[in-house]
Amino acid sequence: MKIAVCISNVPDTTTRIKTDASGQKIDLSGVQWILNPWDELALTRAIELKEQNVGMIDEIVVVMVAPSYGEATLRKALAVGADRAIRIDNDPADSYEAAFELASYFADQPADLIFTGIESADFNGSATGAMLSLLAGIRFMPGVSGVFLEGGQTIVHQEINGMSLRLKVSPPLILNVQKGIAIVPRIPAMRGIMAARTKPLTVLSPKKAGACAQVIAYESLPPKAAAKMIEEDNAAMLIEVLHNEAKVI
Amino acid sequence: MKTFVFTTTRDNKVPRSFFEALTYGGSLEGSEIIALVAGPLSQDQETEMQKFGRGQIFHFNQALPQWYDTFYYLHLIQSFFDEKGEPDLVVLGASEINQVLGPQIALKLSAGYVARVISLPIQQAPWRVKRYAYSGKIISHVELKTEKAVFLLSANVLSPIELGAGNFELWNALPAKGEGVEVLEIKRPESKQLLTEARIIVSGGRGMRGPEYWKPLEELAEALGGATACSRPVSDEGWRPHHEHVGQTGKIVAPDLYIACGISGAIQHLAGISGSRVIVAINKDPEAPIFQAAHYGIVGDVHKVLPVLVEAARRLK
């Protein structure tokens, strides 16, 4: 069995996001890039599956659609435990462009289980996995909060729309993973970092389908007034203010 | 311009996000609404539909699959388009199901897709809308290169307007059979309200000190008719269930009122609540970053403050 984890390279959560002088692009200087938090959990789960099901999983491939600066994050994924990495050399402007590149790759290099994170922390579109599924013609499992292998079958925990389900499905599958898939993300150990240096990282040329959408400008959030403070001894006032002033209760 | 709006029902009810989407679609110039509601509905919901409806609303009155089968819904929507014609615009209210369907409908229609839209379009040709990016840290203006568009709205971006101009009728189709999936177990969560749809959320952080202190928080939520939630450390510690976790890697919420009790306000948590209309912070540390995000604040001990709020909230009722 082969597992692929689609990973995205995003600014660290604590990064201050600001635009460049043109106002049309994010100023990427000084941005610290990290493995997208959901993809990191997906990768963690993939590695756990490989460890728990000895001999069942031949390899874990991480796939990224990104310019060359994404490679540091790919190396990190290798250090954590992926066997090899693929970078498709494109800087996608929207989810469609990213999904198209991934679908083209998987048409050529199929995998049994393809993990996608529920969203990326940069564009927050939550669309790439769903689009990849339709483009690649592979069954889509949204809201996946757990995955287990049992005798050639895949057991998937799905939490969506307030329901919690346990399902038995056969690969190939695209698993759109969310909270719960793994609890603590793996961090690279020294041995992993050394091993990552010699693991294969392949760069593929893009298909460049073209994007359907593009960001043409950015706007800062409107400034927020300071919080109105209420004394602890007068806490009941809060309910009154929420009712009469804010009118939310 | 034909505007398609879609929702599934839950507990025989239509989510508010459907009426938000109808109001959004109906606010656009030259827009003619054609909507599809999939799933069983209770009687009073049909009255709601008349009240907030506009255009033509069709009701697919059949039980929906137990698990979330994208093939099923896509087939259903495709059958609808085959019969009623393809729309020029699709407006979807914020829901976990629409979040999955939106991108796929966009592909089917060769339409551009924009998620978490926060405003009416800046312009219609080409389409230009605003949305949050970088987990709520900035607003981006997105322009589509396609004639058709699919917009997934952020929750609570506008209030449904009563128009009473909807025509509501039944519509039927032969549903696709989902194959190759065996449902082993189904669990309904304890809470009735979905966090992503709740209008009022009372949320607790590590400052609550432990799961045994949650009672007043639950009482406040109940008195206000809201849902309970928590921060990441709380769900990681197992004090509260995972589905209550609000924040970047948990649920992204946008209620009218978010009351943060003993939550310091880490940036990951703020990313999950920035769409809230009013944020209240109760924390003993006056320097806690949550106060920067809050509209109202109380510096104090949650265990003293909460019972007072519960009493006041009950009196209000």
Q: Answer yes or no as to whether B:F19 is farther than 17 Å from A:P142 by Cβ and modelled with pLDDT of 90 or more.
A: yes
Q: Would you check if there is a residue in the stretch A:224-234 being under 30 Å from B:P121 (Cβ atoms) and either within 11 Å of another protein chain (Cβ to nearest Cβ) or not acidic (D, E) (or both)?
A: yes
Q: For B:A176, indicate whether it is over 15 Å from B:L28 (Cβ atoms) and surrounded by 16 or more Cβ atoms within 10 Å (Cβ to Cβ).
A: yes
Q: Give the number of residues within the stretch B:256-279 that are within 11 Å of chain A (Cβ to nearest Cβ), crowded, with 24+ Cβ neighbours inside 10 Å and part of a loop (DSSP other than H, G, I, E, B).
A: 1
**Q.** Checklist (1) in contact with a helix residue (DSSP H, G or I) (Cβ under 8 Å, 6 or more places away or on another chain); (2) closer than 23 Å to A:M141 by Cβ applied to A:L78, failing item
**A.** (2)
Q | Which listed residue, of A:I114, A:I183, is among the hydrophobic types (A, V, I, L, M, F, W, C), more than 9 Å from chain B (Cβ to nearest Cβ), under 21 Å from the mean Cα position of the chain (by Cα) and farther than 18 Å from B:G178 by Cβ | A | A:I114
Q: Go through the stretch B:5-49 and count every residue that is over 23 Å from B:Q124 (Cβ atoms) and of a type in the set (S, T, Y).
A: 5
Q | Candidates A:A82, A:A103, A:A99, A:A107 - the one that is touching a strand residue (DSSP E or B) at 6+ places or on another chain (Cβ under 8 Å) and either within 10 Å of another protein chain (Cβ to nearest Cβ) or among the aliphatic types (A, V, I, L, M) (or both) | A | A:A82
Q | Residues that are surrounded by 18 or more Cβ atoms within 10 Å (Cβ to Cβ) and farther than 19 Å from B:F18 by Cα, drawn from the stretch B:82-107 | A | B:L107
Q | Residues that are of a type outside the set (S, T, N, Q) and within 10 Å of chain B (Cβ to nearest Cβ), drawn from the stretch A:161-172 | A | A:G162, A:M163, A:L165, A:R166, A:L167, A:K168, A:V169
Q: Enumerate the helices (runs of 4 or more DSSP H) found wholly within the stretch B:28-113, keeping only those where 2 or more residues are out of contact with any Asp or Glu (no Cβ under 9 Å at 6 or more places or on another chain) and within 14 Å of chain A (Cβ to nearest Cβ).
A: B:70-84, B:96-109
Q | Search result, residues across the stretch B:280-317 that are β-branched (V, I, T), surrounded by fewer than 24 Cβ atoms within 10 Å (Cβ to Cβ) and either in contact (Cβ under 8 Å) with a residue 40 or more places away in the chain or within 27 Å of B:L153 (Cβ to Cβ) (or both) | A | B:V310
Q: Looking for whichever is closer than 30 Å to A:R166 by Cα and either in contact (Cβ under 8 Å) with a residue 40 or more places away in the chain or in contact with a His (Cβ under 8 Å, 6 or more places away or on another chain) (or both) here; the options are B:L92, B:L109. Which one fits?
A: B:L92
Q. Inside the stretch A:92-125, can you point out the residues that are of a type in the set (F, W, Y) and modelled with pLDDT of 95 or more?
A. A:Y96, A:F100, A:Y105, A:F106, A:F115
Q: State which residue is surrounded by the fewest Cβ atoms within 10 Å (Cβ to Cβ) when the search covers only the stretch B:114-125 and only residues that are over 16 Å from A:A93 (Cα atoms) and within 10 Å of chain A (Cβ to nearest Cβ).
A: B:I122
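The values are calculated or read from the model by the stated rules, or taken from the named source; none is laboratory data. A quick note: this is a predicted structure, and the numbers were derived from the prediction, not measured. Backbone-built Cβ (ideal geometry, glycine too); neighbour counts: all protein chains shown.
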